[in-house]
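To start, the structure under review is shown below, and the notes come after it.
The values are calculated or read from the model by the stated rules, or taken from the named source; none is laboratory data. Computed from a prediction, not measured in an experiment: that's the story for all the values here. Neighbour counts run over all protein chains shown; Cβ positions are idealised from the backbone, glycine included. Note: accessible area is taken over every heavy atom of the protein model, side chains too, but ligands, DNA and RNA are not part of it. Shrake-Rupley method; radii C 1.70, N 1.55, O 1.52, S 1.80 Å.
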Amino acid sequence: MRRQLLPALLSMMLLTVLLGVGYPLLITGIARVGFQHKADGGLVTRNGQTVGSQGLGQAFVDAHGKPIPTYLQSRPSAATGVAGTTTAGYDPTLSSGSNLGPTNPKLVGSCLPVPETTKSGQPVLDPAGKPLNQHHPDGSLICDPTTVPQRAKAYRDLNGLGADVPVPVDAVTASASGLDPDISIANARLQAARVARARHLPTRRVLAVIDAHTSGRTLGFLGEKTVNVLEVNLALDRLTP
């Protein structure tokens with residue numbers, strides 16, 4: 001048994017040093033030499049203050065969680081801990097997709113009611129034992145804002161689009177990581193007129209900024225062209241009317 005145990009322990013120690021210490025240090029060294037900015041997180045600073053990362057999405061909302069009209073809006077995020085808060089989404093420690101199936105009510109339902117809950121989060125039931133749903137002051141149901149139909153409606157309302165205007169899929173669905181910093185060109189261009197109005201700029205100037213921050217396909221043929229939301233918003237802040 002000793003003849004078997006000693007080689008096993010020595011192998012474990014050797015592999016721990018090589019793969020647990022040596023390999024990470026080697027890869028980190030290569031990354032810092034060849035890709036230092038990305039290895040350090042791709043952090044973006046403005047006036048000496050870190051405002052985000054080129055590789056991580058973030059929300060551009062006000063203190064009440066409402067989209068700020070002067071900025072491009074990122075795609076939705078499933079990397080969230082507390083839904084409905086200004087910090088919901090884009091949490092690197094909770095990176096994940098929604099993993100919803102194609103028939104899930106959040107994807108295909110016209111209105112998924114929001115249930116009434118107690119302060120402890122328990123459902124409120126009527127005398128018959130059925131769950132109660134939340135209602136607006138006018139008596140209409142409050143629909144779950146994270147469903148695709150409600151996100152599409154909110155997107156059209158925010159950008160002043162007609163009910164028949166197709167909404168890009170990345171405007172109403174989260175990425176697999178929940179942290180995607182980029183949106184599609186179609187998504188960005190549909191938001192341009194709203195951003196231009198809010199900033200009192202010609203739409204063509206906003207479109208020019210979007211074009212200037214559009215990235216090509218990976219290796220020239222993989223995926224689609226994308227627009228980095230943070231880079232566009234920072235560039236918009238540098239514009240003058």
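Miscellaneous remarks
- Within segment 173-215, the set of residues being touching a helix residue (DSSP H, G or I) at 6+ places or on another chain (Cβ under 9 Å), hydrophobic (A, V, I, L, M, F, W, C) and open to solvent by 10 Å² or more (accessible area, probe 1.4 Å) comprises Leu179, Ile185, Ala186, Leu190, Ala193, Leu201, Leu207, Val209, Ala212.
- Ala63 in a loop (DSSP other than H, G, I, E, B), at pLDDT 75 or above and within 12 Å of the chain's Cα centre (by Cα): no
Per-residue answers, yes or no, for (1) within 18 Å of the chain's Cα centre (by Cα); (2) hydrophobic (A, V, I, L, M, F, W, C); (3) over 18 Å from Ala59 (Cα atoms):
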{"position": "Leu161", "(1), (2), (3)": "no, yes, yes"}
{"position": "Val167", "(1), (2), (3)": "yes, yes, yes"}
{"position": "Ser177", "(1), (2), (3)": "yes, no, no"}
{"position": "Ser184", "(1), (2), (3)": "yes, no, no"}
{"position": "Val195", "(1), (2), (3)": "no, yes, no"}
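- Annotation: of all residues in segment 88-117 being of a type in the set (Val, Ile, Thr) and either open to solvent by 60 Å² or more (accessible area, probe 1.4 Å) or in a strand (DSSP E or B) (or both), the one that is modelled with the lowest pLDDT is Val108.
- Number of positions in segment 150-172 that are more than 21 Å from Leu230 (Cβ to Cβ), assigned to a loop (DSSP other than H, G, I, E, B), touching a residue at least 12 places away in the same chain (Cβ under 8 Å) and open to solvent by less than 60 Å² (accessible area, probe 1.4 Å): 3
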